[in-house]
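Below you'll find the structure, written out as structure tokens, and then a few comments.
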There are 2 protein chains.
Amino acid sequence: MPLSPVQPHQTKVGWIGTGVMGLPMCRHILAKGYLVTVFNRTKEKALPLVEKGARWADSPMEVAKGSDVVFTMVGFPEDVRQVYFGPSGILKGVRAGMILVDMTTTPPSLAQEIHKAAAELGAYALDAPVSGGDVGAREARLSIMVGGDRDAFEVVRPLLEAMGKSIVYQGGPGAGQHTKLTNQIVIAGTMIGVCEALLYAYKAGLDLATVLESIRGGAAQCWTLDNLAPRILKGNFDPGFFVDHFVKDMGIALEEARRMKLSLPGLSLVHQLYVALQAQGHGQKGTHALILALEHLSAIRRDQ
Amino acid sequence: MPLSPVQPHQTKVGWIGTGVMGLPMCRHILAKGYLVTVFNRTKEKALPLVEKGARWADSPMEVAKGSDVVFTMVGFPEDVRQVYFGPSGILKGVRAGMILVDMTTTPPSLAQEIHKAAAELGAYALDAPVSGGDVGAREARLSIMVGGDRDAFEVVRPLLEAMGKSIVYQGGPGAGQHTKLTNQIVIAGTMIGVCEALLYAYKAGLDLATVLESIRGGAAQCWTLDNLAPRILKGNFDPGFFVDHFVKDMGIALEEARRMKLSLPGLSLVHQLYVALQAQGHGQKGTHALILALEHLSAIRRDQ
């Protein structure tokens, strides 16, 4: 079935998953005038969209039946599997020519599995995970990393552009997920570097704000130092990005790396420290809470 | 002895150490019109400054005898010790009221030792290590992190401003060195994050330039990704900053942290990987050569 361009007021867009990320992302699509149908495990969280004109459906299957393009933005790989392959899953409602876009961060192998299942039904699948956090989602400034059918990517590009500022096609099925994992590996490094550095400066008796003034302008500069170090100094560990989700992402990356016979000692260490952080009860804090696990190691109690 | 302001064409400035960093830094001082005396272990490397009007002296002691302010920018802590405390060292030529500024990255304890020895002679000492590499030195865009006598810092500020764009006083003797080590700890993290991420993307079969396009704009953004990842993609491992020097800096930071009872597992791992990199014969390459040690671990041979 040939692909046709998307058009506001005509194209029917399904959206599954209306959490911290999914809700504002779907709102942008709705604001552009597309005909949106939503589903979420907890219905209440989808109501702000229904109030703005989205139609509610009772299952992922029902969403698929009423849509031309379906987006999913849920939590964990198990959730993605359930939403696509479950008894009332999307694949039960797919028609030929439809485009399925999973924006959750999941294993590349799962993206490939969805792609294969969609293709067998004459449909197209993209993996399109994002970076930029809740702020990026609200401000439509996400980086969206896309893998899958290139033609289908070109068709949904206007929808992705409603949500992000950097939309890059990375290759076949799974390439978007691999790119997102690459992104997370860098962040694992910047996070431990920044957290260990702040603890060092604290123990050395330096004034942390004055230290940041010196080091932010040079080779140590990074997004984490600019955006999360000031929050750490304030003792604010509210999540931009949840520890629990980051542990999941690093676990996927390590598993993929192992499969590719690639040893990643740095990522492995950071992953373990985050597992400790979860064990200490901080799974629902932001990723910069890594400093709490490092403080715990050295029995440090900062004034907060 | 009271401190008096520095003035071009009047203040006598001594400079010891004219390597990749020291040469361009001293050139800026000379260009401002100060009366410069230089010494370097290998005389030839100082000749470009002599040609521009600097006077040559035969030892650090002789430099000190002819100067009001003396800067040192040498390689390793042993060199700093020799230059200050050796038989023809600076301290043999110091007069009351002089200001000594060590810009080498060394242990904070050594900075404190120099400060104490200077004070006993009625002189002032600052530790003022820099970040920004050879490019920052040439373009007078260094970040300079200063510890020691605050009044002496205010006196030499115009000289530091000739070499850097971010000049920040961090506290008493050793505080500049502690700040520099904080900076290096962040870099250890960004470096392993970026190198492991690029290897992951390579093994996953992604196009590395396209991946950089996606991840540079988000939470993974860092100076290392912006400046060194493109060099890695070209197989260019020329030093901006030498592996050998970085191993020294990390070793100092780990020793200081141990003394302060601070466990830094991330820094320790990166340090060990760089020791492996040295063992593999890459000590004179740039710090981004860390990727070569990681490739070696997984027996990867990239096309270069």
Practice task
Return only the number of the condition from (1) open to solvent by 20 Å² or more (accessible area, probe 1.4 Å); (2) under 29 Å from the mean Cα position of the chain (by Cα) that A:Gly176 does not satisfy.
Solution key: (1)
Handout entry: Members of the range B:86-109 that are in a helix (DSSP H, G or I) and touching a helix residue (DSSP H, G or I) at 6+ places or on another chain (Cβ under 6 Å)
Key = B:Ile90, B:Leu91, B:Lys92, B:Pro108
Handout entry: Number of positions in the range A:30-78 that are surrounded by fewer than 24 Cβ atoms within 10 Å (Cβ to Cβ) and either in contact (Cβ under 8 Å) with a residue 40 or more places away in the chain or outside the structural domain of A:Leu110 (by TED's automatic domain parsing) (or both)
Key = 9
Exercise for the section: Scan the range B:239-280 for residues that are in contact (Cβ under 8 Å) with a residue 60 or more places away in the chain and within 9 Å of another protein chain (Cβ to nearest Cβ) and jot them down. Expected result: B:Gly240, B:Phe241, B:Ala253, B:Glu256, B:Leu264, B:Gly266, B:Leu267, B:Leu269, B:Val270, B:Leu273
Fill in the blank from the handout: Filtering the range A:200-238 down to residues that are more than 8 Å from chain B (Cβ to nearest Cβ), more than 20 Å from A:His282 (Cα to Cα) and not hydrophobic (A, V, I, L, M, F, W, C) yields A:Tyr202, A:Arg216, A:Asp226
Handout entry: Selection from the range B:158-199 of residues that are facing another protein chain (nearest Cβ under 7 Å), outside any helix (DSSP H, G or I) and over 17 Å from A:Val211 (Cα atoms)
Key = none
Exercise for the section: Determine, yes or no, whether A:Ala118 is open to solvent by less than 10 Å² (accessible area, probe 1.4 Å), in a helix (DSSP H, G or I), small (Gly, Ala, Ser) and touching a residue at least 12 places away in the same chain (Cβ under 8 Å). Expected result: yes
Fill in the blank from the handout: The condition of being surrounded by fewer than 20 Cβ atoms within 10 Å (Cβ to Cβ), outside any loop (DSSP other than H, G, I, E, B) and among the β-branched types (Val, Ile, Thr) holds, among A:Val146, A:Val83, A:Val135, only for A:Val135
Practice task
Within the range A:281-304, work out how many residues are away from chain B (no Cβ under 13 Å) and modelled with pLDDT of 95 or more.
Solution key: 7
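The values are calculated or read from the model by the stated rules, or taken from the named source; none is laboratory data. Bear in mind the structure is a predicted one, so any value in this text is a computation, not a measurement. Please note: Cβ atoms are built from the backbone with ideal geometry, for glycine as well, and neighbour counts cover all protein chains shown. When the accessible area is computed, the model is the full protein with side chains, heavy atoms only, and any ligands, DNA or RNA have been set aside. Shrake-Rupley method; radii C 1.70, N 1.55, O 1.52, S 1.80 Å.
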